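Accompanying notes for the structure given below.
The values are calculated or read from the model by the stated rules, or taken from the named source; none is laboratory data. Not measured: the values here are computed from a predicted model. Cβ coordinates were reconstructed from backbone atoms using ideal geometry, including for glycine residues, and neighbour counts include every protein chain displayed. With ligands, DNA and RNA removed, areas are computed over all heavy atoms of the protein, side chains included. Shrake-Rupley method; radii C 1.70, N 1.55, O 1.52, S 1.80 Å.
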Amino acid sequence: MFYRITVYLLGMFINFFGVALVIHATLGAGFWTSFFIGLSDLAGLTVGFWYGLFQILVIFLNGNLMKQKPEYGAILPIILESFILDFWLEIVFSSVQLASAPLMAKVAILIAGMGAIGLGVAIYILPQFPRAPFDQLFLVISSRFNLSLQMGQTIVAVVMASLALMIGGPVGVGTIALVFLLGPIIQFWYERAYPLYYVLYPAQAPHEEYL
């Protein structure tokens, strides 16, 4: 259990480190983040508030898609993700300003952020703890419609980026890159993290059909 918890938390911290990098690259936030920034600008309250509220709503959406009861255990990941995101944005990166940085530096930061997000997601889905609803959503779509992780993630990304653009969220080249590249990045890291994880933690491996 200690091993699984450690891997789970490590994946979350890596994921939101990547989110913070993408935001500070100022080339367009991630598709979910752009949507919540747009909501915050329109209706007030913090990005974290909208992040948590919509995660709760997605719990019920996931249950409906899978024709199951809502996964209330996902409330824990919601709380964890909110705190970890705030840790990176409000503490670690609070004084970081990269708006005037050279374009190539911004691109490098964006690429590093995307790589970290994909790695983080690939890692923290491995221990099979209740997943944050947003991440569970693309897994549910992949399972429900017999798609790969890559395709499920891309579908979610396209929908959310479109909504973010409609409400004036910071959609840019970074958002577009995440829409089309994050799915393959997650798939890339998952295929490599999967065997390593189960070498160290022998168990019946889940989600083999997504590989």
Q) Of all helices (runs of 4 or more DSSP H) completely enclosed by the range 27-93, which ones contain at least 1 residues that are closer than 24 Å to L165 by Cβ and either out of contact with any helix residue (DSSP H, G or I) (no Cβ under 8 Å at 6 or more places or on another chain) or at pLDDT 85 or above (or both)? A) 31-43, 47-66
Q: Being of a type in the set (A, V, I, L, M, F, W, C), farther than 18 Å from L85 by Cβ and in contact with a Ser or Thr (Cβ under 8 Å, 6 or more places away or on another chain) narrows it down to one of A105, A161, A177, A122, so name that one.
A: A161
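So that you can scan it fast, the table gives a plain yes or no per residue for (1) closer than 22 Å to G30 by Cα; (2) open to solvent by 70 Å² or more (accessible area, probe 1.4 Å); (3) acidic (D, E):
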| site | (1), (2), (3) |
| --- | --- |
| F49 | yes, yes, no |
| L57 | yes, yes, no |
| N62 | yes, no, no |
| M66 | no, no, no |
| E71 | no, yes, yes |
| I79 | yes, yes, no |
| W88 | yes, no, no |
Q: Mind telling me which of the residues I117, I155 ends up being within 27 Å of A25 (Cβ to Cβ) and at pLDDT below 90?
A: I155
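Quick grid of which residues meet (1) open to solvent by less than 60 Å² (accessible area, probe 1.4 Å); (2) in contact (Cβ under 8 Å) with a residue 40 or more places away in the chain; (3) not acidic (D, E):
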{"position": "V107", "(1), (2), (3)": "yes, yes, yes"}
{"position": "G113", "(1), (2), (3)": "yes, yes, yes"}
{"position": "I125", "(1), (2), (3)": "yes, yes, yes"}
{"position": "Q150", "(1), (2), (3)": "no, no, yes"}
{"position": "Q153", "(1), (2), (3)": "yes, no, yes"}
(Q) Between L27, L39, which is over 17 Å from the mean Cα position of the chain (by Cα) and surrounded by 22 or more Cβ atoms within 10 Å (Cβ to Cβ)? (A) L39
Q: Return yes or no: is F93 within 15 Å of the chain's Cα centre (by Cα), under 17 Å from A29 (Cβ atoms) and open to solvent by less than 70 Å² (accessible area, probe 1.4 Å)?
A: no
